[in-house]
Amino acid sequence: MTAPTENRSTVTEREARQVAEAAREQDWRKPSFAKELFLGRFRLDLVHPHPMPGEESVRRGEEFLAKLRAFCEAEVDSARIEREARIPDEVVAGLKELGALGMKIDPKYGGLGLSQLYYNKALALVGSVSPAVGALLSAHQSIGVPQPLKMFGTEEQKEAFLPRCARSDISAFLLTEPDVGSDPARLATTAVPDGDEYVLDGVKLWTTNGVVADLLVVMARVPKSEGHKGGITAFVVEAGSEGITVEHRNAFMGLRGIENGVTRFHRVRVPAGHRIGPEGAGLKIALTTLNTGRLSLPAMCAGAGKWCLKIAREWSAEREQWGKPLALHEAVGAKISFIAATTFALEAVLDLSSQMADEDRNDIRIEAALAKLYGSEMAWRMADELVQIRGGRGYETAESLKARGERAVPAEQMLRDLRINRIFEGSTEIMHLLIAREAVDAHLSVAGDLIDPAKSLSDKAKAGAQAGVFYAKWLPKLVAGPGQLPGSYGEFRHGVDLSTHLRYIERTSRRLARATFYGMSRWQGRMETKQGFLGRIVDIGAELFAMSAACVRAERLRTRDEHGREAYQLADAFCRQARIRVEELFGRLWTNTDDLDRKVVKGVLGGAYTWLEEGIVDPSQDGPWIADATPGPSAHENARRPYGD
């Protein structure tokens with residue numbers, strides 16, 4: 001029998017929600033294109049004309065990309081990394097020499113000082129040759145030590161750690177635990193104050209880079225006591241400290257070269273000066289770091305799309321079936337069109353979000369989250385379509401193809417490698433809820449007390465009055481807009497007419513806002529349980545954001561005489577494909593099987609359908625569903641392996 005999991009922390013749903021709510025940014029100090037989109041206001045002026053990088057930023061970025069490309073072509077053997085399931089030490093040494101560990105670190109600390117735009121271009125490039133190397137660099141810089149220190153660290157901390165991160169030291173981010181995923185309220189790792197130090201105890205799971213890291217960002221719970229506010233707190237920890245044991249290097253279906261493990265802390269002493277920010281600010285630091293850090297995943301997804309397009313083009317032109325090239329068969333051609341149009345849109349979303357992050361004029365928390373959600377989902381679909389286009393050769397490994405004399409195309413590896421992006425840094429389901437919370441923030445700020453069962457009648461009455469004023473002004477604006485005027489957005493008519501898509505976005509944005517309002521009116525306090533509805537609302541918003549980015553990018557390329565005619569064609573194809581998906585999602589807002597699904601789930605959990613499981617043999621081996629993470633000394637040999645050792 002499977003052993004029960006013990007020592008689980010128990011947290012109520014309300015307590016968990018309060019922890020998550022306290023960690024999110026409460027204010028909107030800058031405009032947000034995506035937030036306005038969900039509210040039915042199509043603020044094209046926030047993204048058009050498309051923001052552009054400065055000349056010096058471009059010069060520095062292009063110079064580094066050229067060096068990185070030459071290094072990747074000469075030194076990175078993707079097949080070897082896949083075969084040996086590790087990145088060779090000499091590759092990491094070469095990346096350090098290039099300065100790739102410090103792409104986003106300020107030059108005064110020894111970094112390259114690249115913009116977010118060029119950092120993401122670099123990740124797309126290196127991730128195309130080896131997603132494992134892309135993951136190494138991304139985890140180190142996007143969520144590892146450099147980013148939280150850049151945003152929240154003291155000058156002393158920056159001077160102490162950033163030069164190391166820029167040139168020599170690999171960093172990792174440790175939040176997840178064996179029994180704690182997207183619910184940080186149950187975080188069990190502790191950091192107990194002891195004089196001018198903290199003593200860490202606990203176990204962390206899925207620590208990307210954790211096996212080889214020199215520095216760690218660790219999230220731990222500080223107990224509340226006299227002189228200590230307590231709460232989830234962030235620390236920079238030396239990975240070689242006494243009491244730290246990497247107990248296991250995890251293996252996965254893809255990204256075989258990543259150094260991801262299980263790390264145990266037993267009475268690990270950390271100086272108070274290594275605490276990032278105040279006590280209790282750890283989760284907010286983590287979420288704020290991810291606002292731009294999430295852009296690293298869609299960067300590699302856009303790179304994957306480019307590769308899928310290249311292989312699909314070359315293969316379908318070479319392969320003939322029934323007297324003509326594969327690409328000219330409509331069933332295959334539709335897949336190629338989808339890959340081409342979607343790759344254009346993903347790069348548009350990535351570049352727009354990245355440049356907005358660099359300019360810092362807009363709040364991009366929703367844009368970055370949408371980019372991560374949309375990029376990870378669409379890249380997976382593109383890779384799946386590529387495997388289908390390649391047929392049996394798509395399912396065959398590159399090594400096997402090479403052994404029998406054919407081009408070693410790692411299509412099945414790309415599919416495996418991309419699959420984790422729908423889980424990394426917030427699963428698709430969690431991203432739906434996170435974005436939905438931000439999308440309905442304006443509603444909750446004026447009407448939240450109305451649907452909060454804990455609020456008094458006087459609080460509800462006050463909220464009702466506030467909501468009445470807000471909706472009296474807001475709802476009438478959702479009736480009509482420029483999307484109903486045939487001449488609107490005429491500057492997007494150049495051979496191909498993209499203005500029709502912008503009018504559609506404007507109309508559909510208002511329609512989306514109305515649907516959100518109807519949902520809140522219908523379900524009120526139960527709205528947060530309607531995850532199917534909220535997910536579709538977010539998916540519609542993601543499509544509208546991608547359509548907007550595609551049109552704006554096409555116009556930018558046209559004005560700069562950079563494949564403008566072709567860009568307009570791709571944007572038009574993408575928008576037409578996206579509009580079909582949007583209309584399907586709207587239909588499923590109100591016509592779906594959500595209620596029936598809940599009944600079936602209750603039956604499954606209650607054992608009503610166990611007879612359906614008969615007639616198989618379960619090959620799973622025995623063991624607990626969740627490993628024991630009781631604090632204490634490690635009983636394992638330390639699997640830590642810093643590069644170069």
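Of note:
- Ranked packing of 211-220, 606-615, 235-244, most packed first, by mean Cβ within 10 Å: 211-220, 235-244, 606-615
- On the beta carbon distance between E226 and K310, with R0 = 56 Å, the FRET formula returns roughly 0.35.
- Using the alpha-carbon positions of region 599-645, Rg (one decimal) and Dmax (whole number) come out as 20.1, 56 Å.
- The chain, accessible surface, carbon-and-sulfur percent (1.4 angstrom probe): 54 percent
- Extension reserve of the T559-D77 stretch, reckoned as 0.36 nm per residue once the Cα distance is removed: 169.6 nm
- Distance between the C-alpha centres of region 55-71 and region 93-132: 10 Å, rounded to the whole angstrom.
- Of K30/K460; K96/K335; K460/K599, those spanning more than 31 Å from alpha-carbon to alpha-carbon: K96/K335; K460/K599
- All other residues whose Cβ lies under 12 angstrom from that of F424 are scored, Lys and Arg at +1 and Asp and Glu at -1, for a net of +2.
- Over the chain, the hull volume per residue, using the convex hull of the C-alpha atoms, is 190 Å³.
- Relative intensity of region 173-300 on a log10 scale, I(q)/I(0) at q = 0.13, 0.21 Å⁻¹, equals -0.52, -1.30, per a Debye sum over C-alpha point scatterers of equal strength in the absence of solvent.
- Checked against a 28 Å cut-off, the cross-linked pairs K229/K530; K35/K284; K35/K67; K108/K306 give Cα-Cα distances beyond that limit for K229/K530; K35/K67; K108/K306.
- With a Förster radius of 25 Å applied to the beta-carbon distance between R407 and H329, the computed FRET efficiency rounds to 0.75.
- Virtual paramagnetic centre 7 Å along Cα→Cβ of E159, amide N under 13 Å, in region 97-113: 109
- Each residue, S400 and K462, gets one label point 7 Å from its Cα in the Cβ direction; the gap between the two is 6.7 nm.
- Helix runs (DSSP H) in the chain reaching 24 Å along axis by Cα, Kyte-Doolittle at least 0.5: 330-359
- Globularity ratio of region 471-575, using Cα Rg and 2.2 N^0.38 Å: 1.29
- Convex hull volume of region 516-580 per residue (C-alpha atoms, cubic angstrom): 82 Å³
The values are calculated or read from the model by the stated rules, or taken from the named source; none is laboratory data. On a predicted model such as this, the values are computed, not experimentally measured, just so you know. Ideal geometry is used to build each Cβ from the backbone, glycine not excepted, and the neighbour counts take in all protein chains shown. Please note that ligands, DNA and RNA were not included when accessible areas were found on the heavy atoms of the full protein model with its side chains. Shrake-Rupley method; radii C 1.70, N 1.55, O 1.52, S 1.80 Å.
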